[in-house]
Each structure stands twice: as structure tokens, then as C-alpha cells.
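Just below is one structure, and these are the notes that go with it.
The values are calculated or read from the model by the stated rules, or taken from the named source; none is laboratory data. Remember, predicted model here, so these are calculated numbers, not experimental data. Heads up, the Cβs are rebuilt from the backbone with ideal geometry, glycines too, and the neighbour counts pull from every protein chain shown.
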Ligand code: NI
């Protein structure tokens, strides 16, 4: 078995150029995104906007939501209300939810465009953590309702994306059944 070249080494490695603990968290965040993208590989374009019923979210709506939540926790909490760069403002024109508390419906956007939006935001996130010290990563940010550290923000973004990853997988299999049925 030692000749098995496909044998994988499953280990968390810090992303290079970061403080090592921060680099490990960012590795996990990036690995989560890799898995999200795997769930979308070769997705039929007709499935992006498909919903099982009118009240449900589409994969496209969820991809916008995943990004907007990342944007919000990065700029409001981790960076303490730092201004959102113009490039990102333009990529996220819609609020997270409408006035009835449903996720804003995002339609007629291709998978490539959704992934591009997420990639650009992720570059900004990674850049924000590049110069950060571990003390700063663990320094609480104070808000009226809670105190929160950037470390927890990364933990939360991982959890949030994984939840919607499962959601996306389910939508995809339901869509495949509905659209490919004879
Ligand atoms: Ni959510």
C-alpha cells in the first residue's frame, strides 16, 4: 500500500504569509469554499434559478446571501465598521432580506458571475487578515448587543456556508430530479 500514490494526507496547514493561527482558520474558510464550489461543479445553468416551490430559495439566491453575510461580518464586525470598498458595493446592490424577511431573490445571474462575486470578496477578506496579529484577531469588537472577535467571525462564516452548502446540495438533487424527469 505504500506505493499508493493517490493516498491523501488530511491535515490543516496554515495559509502562508499569515500569522500561523490566523492562517489555519483561513485555510478552513478556504476549504469550506472549495467544497461549496465542488457542490456546484457542472451545474446545469437552468438549475441556478430553480426553486421547488415559490416560497423556497434558489441556488443563485443562496450564493448571493452567502457573500452578503461574509461582507457584513467582515466590514461591520471584524473591521469595526470599516467602509465597504466601492468595488464590493457594486457587487452587492441588494439588501440581504426584503421587508417580509425573505432573502432577496437574485435571478438571471450566471454561476460564473456568482462565483466571481464571491472570489472578489474573498480576496478582500484575505487581504484584511494578512497584516493582522493574533492579539488583534482575538481582540473583542464591541457592539451594543454583543462583543465579538474576528476569530469567532471566521468560525461563524464557516458554519454559515456549510449550512447553505447542504441546502445547495439538496436543491441541486431536487432540481435534477424535476428537470431531468421524462
Ligand atoms: Ni443564511
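Taking region 82-103, which residues are surrounded by 10 or more Cβ atoms within 10 Å (Cβ to Cβ) and in a loop (DSSP other than H, G, I, E, B)?
Listed by number, the residues that qualify are 82, 84, 85, 92, 94, 95, 96, 98, 102.
Inspect region 55-73 for any residue being modelled with pLDDT of 95 or more, within 21 Å of residue 135 (Cα to Cα) and outside any loop (DSSP other than H, G, I, E, B) and give the result as yes or no.
Yes, region 55-73 contains at least one residue that is modelled with pLDDT of 95 or more, within 21 Å of residue 135 (Cα to Cα) and outside any loop (DSSP other than H, G, I, E, B).
Return the pairs, sorted by first residue and then second, in which the second residue is within 14 Å of the ligand (Cβ to nearest atom) and in a loop (DSSP other than H, G, I, E, B), the first residue lies in region 96-110 and is under 20 Å from residue 44 (Cβ atoms) and free of Cβ contacts under 8 Å to residues at least 40 places away in the same chain, the beta carbons are less than 6 Å apart, and the residues are 6+ apart or on different chains.
Here the result reads none, with nothing in region 96-110 linked to a residue that is within 14 Å of the ligand (Cβ to nearest atom) and in a loop (DSSP other than H, G, I, E, B).
Just need a number here: residues in region 146-177 that are in contact with a helix residue (DSSP H, G or I) (Cβ under 8 Å, 6 or more places away or on another chain) and either at pLDDT below 95 or assigned to a helix (DSSP H, G or I) (or both). Full working, then the answer.
Here is the first cut: in region 146-177, the ones in contact with a helix residue (DSSP H, G or I) (Cβ under 8 Å, 6 or more places away or on another chain) are 148-151, 153-158, 160-162, 164-165, 167-169, 171-172, 175-176.
Checking the rest, the ones that are also either at pLDDT below 95 or assigned to a helix (DSSP H, G or I) (or both) come to 150-151, 153-158, 160-162, 164-165, 167-169, 171-172, 175-176.
Residues meeting the conditions: 20.
Looking at (1) crowded, with 19+ Cβ neighbours inside 10 Å; (2) within 18 Å of residue 124 (Cβ to Cβ); (3) over 13 Å from the mean Cα position of the chain (by Cα), which one does residue 57 not meet, given that it meets all the others?
Single failed check for residue 57: (2).
Which condition breaks for residue 150 when tested against (1) within 15 Å of residue 80 (Cα to Cα); (2) within 16 Å of the ligand (Cβ to nearest atom)?
With respect to (1) within 15 Å of residue 80 (Cα to Cα); (2) within 16 Å of the ligand (Cβ to nearest atom), residue 150 is out only on (2).
Would it be correct to say that residue 138 is farther than 26 Å from residue 44 by Cβ, over 16 Å from the mean Cα position of the chain (by Cα) and within 15 Å of the ligand (Cβ to nearest atom)?
So residue 138 fails the test.
Please work out if residue 57 is out of contact with any helix residue (DSSP H, G or I) (no Cβ under 9 Å at 6 or more places or on another chain) and either within 16 Å of the ligand (Cβ to nearest atom) or within 18 Å of residue 175 (Cβ to Cβ) (or both).
No: the conditions fail for residue 57.
Please determine, by comparing only the residues of region 68-81 that are within 11 Å of the ligand (Cβ to nearest atom) and touching a helix residue (DSSP H, G or I) at 6+ places or on another chain (Cβ under 7 Å), which one is nearest to residue 120 (Cα to Cα).
Checking each candidate, the answer is 70.
Let's see how each residue does on (1) closer than 20 Å to residue 58 by Cα; (2) surrounded by 11 or more Cβ atoms within 10 Å (Cβ to Cβ); (3) in contact (Cβ under 8 Å) with a residue 60 or more places away in the chain; (4) within 16 Å of the ligand (Cβ to nearest atom):
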residue	(1), (2), (3), (4)
116	yes, yes, no, no
129	no, yes, yes, no
145	no, no, no, no
164	yes, yes, yes, yes
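When both residues are 6+ apart or on different chains and their Cβ atoms are under 8 Å apart, which pairs have a first residue that lies in region 67-79 and is closer than 19 Å to residue 36 by Cα, and a second that is at pLDDT below 95 and surrounded by fewer than 19 Cβ atoms within 10 Å (Cβ to Cβ)?
Here the result reads 68/94; 68/96; 69/96, each pair linking region 67-79 to a residue that is at pLDDT below 95 and surrounded by fewer than 19 Cβ atoms within 10 Å (Cβ to Cβ).
Being within 16 Å of the ligand (Cβ to nearest atom) and either modelled with pLDDT of 95 or more or surrounded by 13 or more Cβ atoms within 10 Å (Cβ to Cβ) (or both) is the requirement here; does residue 21 meet it?
Numbers: within 16 Å of the ligand (Cβ to nearest atom): no; either modelled with pLDDT of 95 or more or surrounded by 13 or more Cβ atoms within 10 Å (Cβ to Cβ) (or both): yes.
Taking the combined requirement at face value, the residue does not satisfy it.
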